[in-house]
Amino acid sequence: MYLKPKKRLGQNFLVDKNIQRKLITAYELKASDCVLEIGAGYGELTMLIAHDAAFVYALEIDPALCKTLRDNTQGYANIKIINQDILRFNLRRYFGRLKNKIKVVGNIPYYITTPIIEHLLRYRDKIETIFITLQKEFAKRITAHPGSGDYSSFSCFVQYYSISGILFFIKKTSFSPIPKVDSCVVELKIREKPAVQVKNEKLFFRIIRSAFNQKRKTLRNSLDGVIPLRKLSRFFQVYNIDRHIRPEDLTLRDFANLANL
């Protein structure tokens, strides 16, 4: 049964069979893997995952689509369909007792990409890797390096907790209905420990957010009122950093040094 995609839910279904198979290869599934799929849709990818993994938790927010999803996946004992919003889904409740960490996959609505990634990273102790399909421009932001125009406070946040990379691009014609933009498959491999050591994470992220709120200004000006000038001057001196540097030219290590100092 075909259901009309709901624009309010950001439904764009991946219909390209070649891309579906390419995704399965990218996931590098093992027979022992437990997978959480966000936005299972009609279950085409869900069933492919179920062939290779031990168990699939297929999350779908649309109640009407869930009924079709159940019909399509009949006969798969290792698929559990859950009608719930990912932002309200407690991973610890479902995966807290598992010995191994899970893999998370999904084609997520572009308009709530940031909240979904933030939500997943709260449960990073339960996740091995996240594979998500994102709008291409957003994917470039997540994976951007210092000095790049796409480098942002969110780049720092994601890369602090994970090793991020773009696996491959997907043309918009691979989806139905066709979105306005092309997509990317991004891998976020959760780090065993954060990328840098900081004494106070709250302060660390506050400094990063404040710096990028006015990224066109120099670091000295963007952090005016956040860090006393004498401490900022000491940072420049101790780490031999140009006092006219802009926020997008600082690495995570630089921000950590500043927060720790």
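The values are calculated or read from the model by the stated rules, or taken from the named source; none is laboratory data. Since we're looking at a predicted model, the values are computed, not measured. Don't worry about glycine lacking a Cβ; one is built from the backbone with ideal geometry, like all the others, and counts go over all protein chains shown.
Being more than 30 Å from Pro247 (Cβ to Cβ) and assigned by TED's automatic domain parsing to the domain that holds Gly43 narrows it down to one residue among Gly96, Gly147; which is it?
On the way: Gly147 fails: more than 30 Å from Pro247 (Cβ to Cβ).
Of Gly96, Gly147, the one residue that is more than 30 Å from Pro247 (Cβ to Cβ) and assigned by TED's automatic domain parsing to the domain that holds Gly43 is Gly96.
Does Thr129 fit the bill of being surrounded by 16 or more Cβ atoms within 10 Å (Cβ to Cβ), at pLDDT 95 or above and among the hydroxyl-bearing types (Ser, Thr, Tyr)? Please lay out each step first, then the result.
Numbers: surrounded by 16 or more Cβ atoms within 10 Å (Cβ to Cβ): yes; at pLDDT 95 or above: yes; among the hydroxyl-bearing types (Ser, Thr, Tyr): yes.
It is true that Thr129 is surrounded by 16 or more Cβ atoms within 10 Å (Cβ to Cβ), at pLDDT 95 or above and among the hydroxyl-bearing types (Ser, Thr, Tyr).
Counting just the residues of the range 67-88 that are crowded, with 19+ Cβ neighbours inside 10 Å and of a type in the set (A, V, I, L, M, F, W, C), which one comes out farthest from Tyr42 (Cα to Cα)? Show your work before the answer.
At the first step, the residues of the range 67-88 found to be crowded, with 19+ Cβ neighbours inside 10 Å are 69, 72-73, 79, 81, 86.
In the following step, the residues that additionally are of a type in the set (A, V, I, L, M, F, W, C) were identified as 69, 79, 81, 86.
Details: Leu69: 5, Ile79: 13, Ile81: 11, Ile86: 17 Å.
So the residue we want is Ile86.
Summed over the range 222-260, the residues that are in contact with a Lys or Arg (Cβ under 8 Å, 6 or more places away or on another chain) and part of a loop (DSSP other than H, G, I, E, B) give a count of 4. For Ile170, the criteria (1) touching a helix residue (DSSP H, G or I) at 6+ places or on another chain (Cβ under 6 Å); (2) farther than 23 Å from Gln135 by Cα; (3) buried (at least 17 other Cβ atoms within 10 Å of the Cβ) hold in every case but one, which is (2).
Within the range 50-66, the set of residues being surrounded by fewer than 19 Cβ atoms within 10 Å (Cβ to Cβ) and at pLDDT 95 or above comprises His51, Asp52, Ala54, Phe55. The residue that is farthest from Cys184 (Cα to Cα), counting only those in the range 84-120 that are polar (S, T, N, Q) and in contact with a Phe, Trp or Tyr (Cβ under 9 Å, 6 or more places away or on another chain), is Asn90.
State which residue is farthest from Leu219 (Cα to Cα) when the search covers only the range 234-250 and only residues that are among the hydrophobic types (A, V, I, L, M, F, W, C) and without any contact (Cβ under 8 Å) to a residue 24 or more places away in the chain. Result: Val238.
Just checking, which of Ile108, Ile79 is in contact with a strand residue (DSSP E or B) (Cβ under 8 Å, 6 or more places away or on another chain) and modelled with pLDDT of 95 or more? Full working, then the answer.
Values: Ile108 fails: modelled with pLDDT of 95 or more.
The conditions single out Ile79.
When the range 197-221 is filtered for residues that are among the hydrophobic types (A, V, I, L, M, F, W, C) and not in a helix (DSSP H, G or I), only Val198 remains. Filtering the range 126-169 to residues that are assigned to a strand (DSSP E or B) and of a type in the set (Phe, Trp, Tyr) leaves Phe131, Phe168, Phe169.
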